[in-house]
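Right, one structure below, let's go through it.
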Amino acid sequence: MNLSLDNIIKQAEDAFESAKDSSSLDKAKAHFLGKNGVFASLFKEISTVSSENRKNYGAIINSAKKKVEFLLSQCRDRLLNKELELRLSSEAIDVTLPGRGFGTGSIHPIMRSWERVERIFHSIGFDIVDGPEIENDWNNFTALNSPLGHPARSMQDTFYIDLKDKNNLQLLLRTHTSPMQVRHSSINKPPIKIISPGKTYRVDSDSTHSPMFHQVEGLWIDKNISFSDLKGVYTSFLKCFFEDDDLKIRFRPSFFPFTEPSAEIDMMFNTGANRGKWLEISGSGQVHPNVIRNFGLDPEYYMGFAFGSGLERLTMLRYGISDLRCFYENDLRFLRQIRY
Ligand code: PHE
């Protein structure tokens, strides 16, 4: 009896030892210690043992079973340790590796131009002013010599807002930065010498138009500011912006309700893909006397010029970009190319 129990213990030990993972160990456990396992049947045999030997028989089997359980727990611990080690080594983190680093962002090309334009105009004495993108009808149109029903209003497809301001004026998304002329000049005295860059909105969308775009407005009002000042200021701005002294610039007669005379400013590069082509870059003109009056100033004393240039257009020409939509698609392959 003892001999065969020793045998069983040995067999169990061998079976546990050779188990390669917890599931084969569980199988071995079931074989020896399970409900229908070796020990269960040994206990069943107790009924065949004579009553005086029963106690002894039970004790011997119990102690053998304890041994097998102990062997099992030892093997189970070893196996768990091995599995843990394996997992640790396969999922190891090499703390000596350099980090992945943070992707540093960069300034958006439009903002680069925005800042460039500000620096240039600031260097020649222009202040920089800022205003709201939700404007009223007076500042955006009426004060700029485009009263309700004026055909020039339809040159700018407008996003109207279903609200009026506290003076009962229709609200809208400003279609240009020109309302800043009115805002600033109604509360400041000449000399007025400002630029005002910002976002503008029109119902327009294709490869050269976006419903949201950027303009920079310029305004210089004083006693003696004439069209020749506009020519001088804008020409030197363009040469500075494009870092190109060979730029050709022309002022082509045009129409804006708020300037008279009005001019479209065109420029031409001497080199590069656009070489020899006139490119439209800005609207401009001498501020209309009606508009000066709407500023609350006397056009007999004050005169000056204004211009409104597209920041997208300036940026596209500076970097040779042909599709304006690139600016708003957030494609890093595009944005990463513009770093200076
Ligand atoms: N506001 C005009 C536009 O958006 C541009 C402009 C500004 C023209 C100032 C003349 C003077 O088209």
Checking Gly149 against (1) within 14 Å of the ligand (Cβ to nearest atom); (2) farther than 23 Å from Met212 by Cβ; (3) free of Cβ contacts under 8 Å to residues at least 24 places away in the same chain, the condition it does not meet: (1)
Across the stretch 266-318, the tally of residues that are within 34 Å of the chain's Cα centre (by Cα) and in a helix (DSSP H, G or I) stands at 8
Quick one: count up the residues across the stretch 185-224 that are touching a His at 6+ places or on another chain (Cβ under 9 Å), surrounded by 19 or more Cβ atoms within 10 Å (Cβ to Cβ) and under 20 Å from Leu172 (Cβ atoms). 7
Counting only residues that are part of a loop (DSSP other than H, G, I, E, B), among the hydroxyl-bearing types (Ser, Thr, Tyr) and out of contact with any helix residue (DSSP H, G or I) (no Cβ under 6 Å at 6 or more places or on another chain), how many does the stretch 111-165 have? 1
Kindly state which helices (runs of 4 or more DSSP H) lie completely within the stretch 1-66 and contain at least 2 residues that are without any contact (Cβ under 8 Å) to a residue 60 or more places away in the chain and among the polar types (S, T, N, Q). 2-18, 22-33
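Readers should treat all values here as calculations from the given coordinates under stated rules, not as data from a laboratory. Keep in mind it's a predicted model, so treat the numbers as computed, not measured. So basically every Cβ, Gly included, is an ideal-geometry build from the backbone, and we count neighbours across all protein chains shown.
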